[in-house]
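Participant: Below are the structure tokens for one structure; questions will follow.
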Amino acid sequence: MADPLFQPLRIGPLEIPNRLIMPPVKLGYGTRAGEVTERHIAFYRRRAEGGVGLIVTEPMYVAPNGKEIPTQLGLHEDHLVEGLKRLVEAVHDAGGRIAAHINHAGRAANPKLVPEAERVSSSAVPCPSNGVIPRPLTLKEIPRYVDLFAQGARRAREAGFDAVEIPFSHGYLIHQFLSPHSNRREDEYGGDFEARLRFGREVIAAVKGAVGEDFPIIVRINAKDYVEGGLELEDALRLAPELQKMGVSALSVTSGTMCESVPFCLYPIGTPKANLLPMASRIKAQVSIPVAVAGRVRTPGLARKALERGQADLIGLGRPLLADPDLPRKAREGREEAIVLCAACHQGCLAELRKGQSTSCMFNPETGREAEVRVAPAERRRRVMVIGGGPGGMEAALVAARRGHRVDLYEREDRLGGMFLLATKVPHKEEFADYIRTMDVLLREAGVRVHLRREVDPGLVRREAPDAVVVATGAEPVVPPFPGLQEVPWSTAYDLLAGKVELEAGEVFIIGAGTTGLETAEYLARQGMRCTVVRRRDVLGDKLDMLIRNMLLKRLKELGVEVLTGLEVVRLEPIPRGTRIIARSYPEGTGERIFEADVILLAMGLRSRRDLAETLRGEVELYEVGDCVKPREALDAIREGFEVGLKL
């Protein structure tokens, strides 16, 4: 039976070779003038080389007052066409097809980039996520904004793009007219469904007039806004056939708004998996044009089932192609166990964008660097010893082996993963385990000899006499000397998650409200335990991405977890049924508070294991990666492992 993933499909006059597409992913690789850079070209070329059927660019703004990020691609001026031609040619030369996503963010535009008077929308409805209160477009202005889309589409065709995509979704400008939540107008552009659709209808007509009837137009629509008073599935079922009547070539189903329901636009961990498939199926039943869907459909197996069930015609893989651009090719070759699967962590992609950086990927250090780095064969083969099988050690071993070195990887536990294994135990991070499984496959494919249950000491290193040693020995929990600690029941959150201790139902007092403390509280609360989490500082989960942190704190509140800041534990006392905790306000040191709990859990960070590295320093060619350098995130460890692998 033919694989449904790899059947061709026509989008209007455009034929694509398979059913996998890359929907828009914000990159931040452009210049501040919106120009294409070599990073863009190399990034999109690499995705085309991986075999995806159609690439849709990141959102390209049609006017400067519609920008979301400072280094976003633009399509608002004619001089940008030449750079875009080079991008399109690179994708075509790699055998790919590419559509231009043209957009105006409206009230979701970045207020740091757009002067107050130019922040526009259908109505003066505030955008909670950025604090913008837009001004309504006047009747005189609306035709100019319609024409902005038409001119953007014209430039896209002139640049050689194979199609354009226009968002009637995500709370952007067209959607702001379409949704009754954001459209409070009382003229011909507001009121009932048909009036609210008028702006979008005029955009489609103008775009068709600019690009011709033979140029494919794809429209992204929300299956649901997840906003009170916003669009529901019934609205999407009405909208879809209207768009087909307008001459649209395909639909792409998504959800959420960038103002009110950001998680349902971006789908980080903690959001439903593949929840749009049933809704896409109902939308597909209303039209005869192709329907695409995205939203945590992360594996070829799930994509295949969706196609077989008729839930969609095309499957969108955005962040999954950041993690592994070769996902389509590996699926075609029957090597799905070798696909590095996205875990929806946001650590390298959207979290980096929110920090003012550009898109990368925690699992793929080459993402965004395709123009500058290459895993090339080494000049001479060397014997490399990697000590520690966490994310940094695995990455260093893999890159070194792919460059032709003979690599031995030592791990003292009975499986690979290091501290990263603990992340797989907490709610919503189960998919992190896929990374460890895949790395095990890739390491063995690359010829790395993996030694489990092997503790490495200086003597073993000297006997093996490698040409280079990579120390990735990680870190161990910090245990402060709290007065009374050794007299009461206690453990570390790390040992709990590692399965080294077990807790019975009861009251748990967690000291430390960083990532580990908060996630452990959710883990225990879902088992019926009552948890209190305290921290001296007033910042909670400061290493978490803002979006994921807010979602986690909301879940903890719903579970009844008490999270307190500004408290310092000063003493622990045994009592007949557990422990009394004495805390004071921090930094004042006044106002004692008393708590009681059955057990104390410490989640106060990690301390680097440096003994082995310090002993070997000066004896061997030595490299250090990950937490043994300084406890940080897996993103940092994997990047360091990659860089060391390139140096060897």
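Participant: For Lys355, go through the lysines and keep the ones whose alpha-carbon is under 18 Å away, minus same-chain ones fewer than eight residues off.
Facilitator: Straight-distance partners of Lys355: Lys26, Lys67, Lys112, Lys543.
Participant: Take the Cβ-Cβ distance between Ala117 and Lys140 as r, set R0 to 25 Å, and report the resulting FRET efficiency rounded to the nearest 0.05.
Facilitator: It comes out at approximately 0.95.
Participant: If you put +1 on each Lys and Arg Cβ and -1 on each Asp and Glu Cβ, how big is the dipole of the range 1-141 around its Cα centre, in Debye rounded to 20?
Facilitator: Result for the range 1-141 is approximately 320 debye, rounded to the nearest 20.
Participant: Just subtract the alpha-carbon distance of Glu194 and Ala338 from 0.36 nm times their residue separation and send over the number in nm, one decimal.
Facilitator: Length difference between fully extended and current span is 47.0 nm.
Participant: Considering the Cα positions of the range 232-289, please state its Rg to one decimal place and its Dmax as a whole number of Å.
Facilitator: 12.6, 37
Participant: The range 301-380: which GluC sites (Glu not before Pro) are DSSP loop and have at most 13 other beta-carbon atoms within 10 angstrom?
Facilitator: Details: sites: Glu308, Glu333, Glu336, Glu337, Glu352, Glu366, Glu370, Glu372, Glu379; in loops: Glu333, Glu366, Glu370, Glu372, Glu379.
The qualifying sites are Glu333, Glu372, Glu379.
Participant: For the range 591-648, what is the charge dipole size about the Cα centre, in debye to the nearest 20, if Lys and Arg each add +1 at the Cβ and Asp and Glu each add -1 at the Cβ?
Facilitator: Value, rounded to 20: 140 debye.
Participant: Once R0 is set to 35 Å, what does the formula 1/(1 + (r/R0)^6) return for the Cβ-Cβ distance between Arg607 and Arg329, expressed as a FRET efficiency to the nearest 0.05?
Facilitator: For R0 = 35 Å, the calculated efficiency reads 0.25.
Participant: Can you give the helix-only mean residue ellipticity at 222 nm for the chain, where every DSSP H stretch with n ≥ 4 adds -39500 (n - 2.57) and the sum goes over all residues, rounded to the nearest 500 deg cm²/dmol?
Facilitator: On the way: 21 runs with 203 residues, N = 648.
Counting only the DSSP helices, I get -9000 deg cm²/dmol.
Participant: Still on this structure, please answer the following. Where in the range 156-174 does the label zone of Glu77 land, with the point 7 angstrom along Cα→C-beta and an amide N cut-off under 17 Å?
Facilitator: 156
Participant: Determine the dipole magnitude for the chain: charges of +1 sit on the beta-carbon of Lys and Arg, -1 on that of Asp and Glu, nothing else is charged, the reference point is the Cα centre, and the result goes in debye to the nearest 20.
Facilitator: That gives a dipole near 540 debye.
Participant: If the viscosity is 1.567 mPa s and the temperature 4 °C, what Stokes-Einstein diffusion coefficient in µm²/s follows for the chain when Rh is the Kirkwood radius over Cα pairs?
Facilitator: Here the translational diffusion coefficient equals 49 µm²/s.
Participant: Quick one: which residues, 5+ away or cross-chain, put their amide H under 5 Å from the amide H of Glu165? H built at 1.01 Å from N.
Facilitator: Here the answer is Ala100, His101, Ile102, Ile218, since their amide H atoms fall under 5 Å of that of Glu165.
Participant: Carbon and sulfur atoms: what percent of the 1.4 Å accessible area of the range 499-551 do they account for?
Facilitator: 44 percent
Participant: Okay, moving on. log10 I(q)/I(0), Debye, Cα-only the range 432-527, no solvent, q = 0.16, 0.17, 0.21, 0.25 Å⁻¹?
Facilitator: Log10 I(q)/I(0), no solvent term: -0.94, -0.99, -1.17, -1.43.
Participant: Let me ask something else. With a 1.4 Å probe and all protein chains left in place, how much of the accessible area of the range 318-401 comes from carbon and sulfur atoms, in whole percent? Working shown, then result.
Facilitator: Working: 1290 of 2940 Å².
Accessible surface attributable to carbon and sulfur in the range 318-401 totals 44 percent.
Participant: Separate question: Straight-line reach from Lys85: which aspartates and glutamates fall under 15 Å, measuring Cα to Cα and dropping same-chain residues less than 8 apart?
Facilitator: Cross-link targets: Glu35, Glu38, Glu77, Asp93, Glu158, Asp162.
Participant: Next question. Can you list the lysines whose alpha carbon is less than 26 Å from that of Lys245, not counting same-chain residues fewer than 8 positions off?
Facilitator: Candidates past the 8-residue exclusion: Lys208, Lys224, Lys284.
Participant: Local charge sum around Lys26 (other residues, Cβ-Cβ under 12 Å, Lys/Arg +1, Asp/Glu -1)?
Facilitator: Spelling it out: positives minus negatives among the neighbours equals 0.
Participant: So, one more: What part of the accessible area of the range 110-217, given as a whole %, is carbon or sulfur when the probe is 1.4 angstrom?
Facilitator: Roughly 53 percent, rounded to a whole number.
Participant: Between the range 468-511 and the range 600-645, what's the alpha-carbon centroid distance in Å?
Facilitator: 19 Å
Participant: Starting from the Cα gyration tensor of the range 335-381, take the square roots of the eigenvalues, sort them a ≥ b ≥ c, and report rounded, prolate or oblate (rounded when a/c is under 1.5, otherwise prolate if a/b is larger than b/c, else oblate). Before the final figure, lay out each step's value.
Facilitator: Numbers: a/c = 3.47, a/b = 1.41, b/c = 2.46.
The shape class here is oblate.
Participant: Just to confirm, what accessible area per residue do you get for the chain at 1.4 Å probe, in whole Å²?
Facilitator: Values: 25460 Å² over 648 residues.
Solvent-accessible surface per residue comes out at 39 Å².
Participant: Also: Enumerate the amide H contacts of Arg593 below 5 Å, restricted to partners 5 or more residues apart or on another chain; note that Pro and chain-start residues carry no placed amide H.
Facilitator: Ala583, Arg584
Participant: So between Glu186 and Arg526, what do we pick up on full extension, going 0.36 nm a residue minus the alpha carbon distance? Don't skip to the end; give the middle numbers.
Facilitator: Details: separation 340, 0.36 × 340 = 122.40 nm, distance 4.82 nm.
Full-extension gain reported as 117.6 nm.
Participant: So, one more: Mind checking the full-extension length gain between Thr31 and Ile594? Use 0.36 nm per residue of separation minus the Cα-Cα distance, one decimal, nm.
Facilitator: Using 0.36 nm per residue and subtracting the Cα-Cα distance, I get 197.1 nm.
Participant: Another question about this same structure. For the range 49-85 and the range 343-392, compute the distance between their C-alpha centroids and round to whole Å.
Facilitator: 25 Å
Participant: What is the projected area of the convex hull of the Cα atoms of the range 351-470, averaged over all directions, in nm²?
Facilitator: Mean orientational projected area (the range 351-470, Cα hull): 8.9 nm².
Participant: D for the range 498-551, whole µm²/s, Stokes-Einstein with Kirkwood Rh over alpha-carbon pairs at 37 °C and 0.692 mPa s: what number?
Facilitator: Estimated via Stokes-Einstein, D reaches 275 µm²/s.
Participant: Place a label point 7 angstrom from the Cα of Arg632 along the Cα-to-Cβ direction, then list the residues of the range 325-367 whose backbone nitrogen is under 19 Å away.
Facilitator: Of the residues in the range 325-367, 345-367 have backbone N under 19 Å from the label point off Arg632.
Participant: Let me ask another. Please give me the summed charge of the neighbours of Ile217: other residues whose Cβ is under 12 Å from its Cβ, Lys and Arg +1, Asp and Glu -1.
Facilitator: Neighbourhood net charge equals -1.
Participant: Given an 8 Å cut-off on Cα distances and at least 6 residues of separation, report the relative contact order of the chain as a percent.
Facilitator: Relative contact order comes out at 11 percent.
Participant: Same structure again: Could you tell me which residue out of Leu544, Thr515, Thr579 lies farthest along the dipole of the range 478-613 toward its positive end? Charges go on the beta carbon: Lys and Arg +1, Asp and Glu -1, centred on the Cα centre.
Facilitator: Checking the options against the dipole of the range 478-613, the answer is Leu544.
Participant: On to the next question. Tell me the label-point distance for the pair Asp214, Glu445, using the 7 Å Cα-to-Cβ offset, in nm and rounded to one decimal.
Facilitator: 4.2 nm
Participant: Give me, ordered by chain and number, the residues 5 or more places off Ala475 or on other chains with an amide H under 5 Å from its own placed amide H.
Facilitator: Arg609
Participant: Could you work out the Kirkwood radius for the range 100-227, taking every pair of different alpha carbons, averaging 1/r and inverting it, reported in Å?
Facilitator: Kirkwood radius, the range 100-227: 14.9 Å.
Participant: So what's the convex hull volume per residue for the Cα atoms of the range 287-420, in Å³?
Facilitator: Cα-based convex hull of the range 287-420, divided per residue, equals 163 Å³.
Participant: Considering the chain, which cysteines have no disulfide-compatible partner, defined as another cysteine with its Cβ under 4.7 Å away?
Facilitator: Flagged as lacking a Cys partner: Cys265, Cys342, Cys345, Cys349, Cys361, Cys531, Cys628.
The values are calculated or read from the model by the stated rules, or taken from the named source; none is laboratory data. What you see is a predicted model, and the numbers here were worked out from it, not measured in a lab. Here Cβ is always computed from backbone atoms with ideal geometry, including for glycine, and neighbour counts include all displayed protein chains. The accessibility values were calculated without ligands, DNA or RNA, using every heavy atom of the protein model including side chains. Shrake-Rupley method; radii C 1.70, N 1.55, O 1.52, S 1.80 Å.
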